[in-house]
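> Quick one: the structure is below, and I'll ask about it shortly.
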Amino acid sequence: MATSAAPVRQRKSRIDTVRAQIEKLKQSIAKDITQKVENLGITQSDAHALTGQAQTQFSVIKSGELRGFSLGRLIEIRALLGSAVTVRIADGQAAMVRGEIR
C-alpha cells in the first residue's frame with residue numbers, strides 16, 4: 001500500500017506558513033510595545049509596575065528575541081500598557097493571522 005508524501009508536504013508547508021505569520025505578528029507587537037514604552041516616557045521599572053513583567057523582559061522585547069514569549073503574553077503586555085487589542089482569525093486557505101492594535 002503506497003502513500004503519497006504530497007499531503008504531508010502540503011500540511012507541513014501550511015504549518016510553516018502559519019508559524020511564520022505568527023512570528024511576524026509577534027515581532028509587530030514587540031515593536032509596538034517598545035514604541036509605546038518610549039512614547040509614554042516611562043522606564044522599564046515603570047513598565048514593570050504597569051504590566052507585572054520583569055524589567056529585563058522589556059530589553060528582551062526591544063531586541064526582538066521573542067522565543068520565550070507567546071503571542072498571548074505579548075498581547076497581554078500591550079493591553080496592560082493601555083491599548084485595545086483585537087485579534088481576528090478568518091477561515092479559508094487564503095486567511096492569514098492578523099492583529100490590530102489601537
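> Compute the distance in nm between two label points, each set 7 Å from the Cα along the Cα-to-Cβ direction, one at VAL18 and one at GLU76.
Those two pseudo-labels are separated by 2.2 nm.
> Using the Cα centre as the reference, give the magnitude of the dipole from point charges on the C-beta atoms of the chain (Lys, Arg: +1; Asp, Glu: -1; all else neutral), rounded to the nearest 20 debye.
The dipole magnitude comes to about 420 debye.
> A further question on this structure: Would you mind giving the three semi-axes, in whole Å and largest first, of the ellipsoid equivalent to the chain according to its Cα gyration tensor?
Taking √(5λ) for each Cα gyration eigenvalue gives 34, 15, 9 Å.
> Would you compute, from DSSP H runs of 4+ residues alone, the mean residue ellipticity of the chain at 222 nm, taking -39500 (n - 2.57) per run and dividing by the full residue count, rounded to the nearest 500?
Calculated mean residue ellipticity at 222 nm is -20000 deg cm²/dmol.
> Could you line up ASP46, ASP91, ASP16 from fewest to most neighbouring Cβ atoms inside 10 Å?
ASP91, ASP16, ASP46
> For the stretch 8-76, run through the GluC sites (Glu not before Pro) and keep only the ones in DSSP coil with at most 11 other Cβ atoms within 10 Å of their Cβ.
Taking the stretch 8-76 and a limit of 11 other Cβ atoms within 10 Å, the loop GluC sites (Glu not before Pro) found are GLU65.
Taken together, the values in this text are just the output of simple stated rules run on the coordinates, not laboratory data. This is a predicted model, so every value here is computed, not measured. All Cβ positions, even for glycine, are placed from backbone atoms using ideal geometry, and neighbour counts span all protein chains on display.
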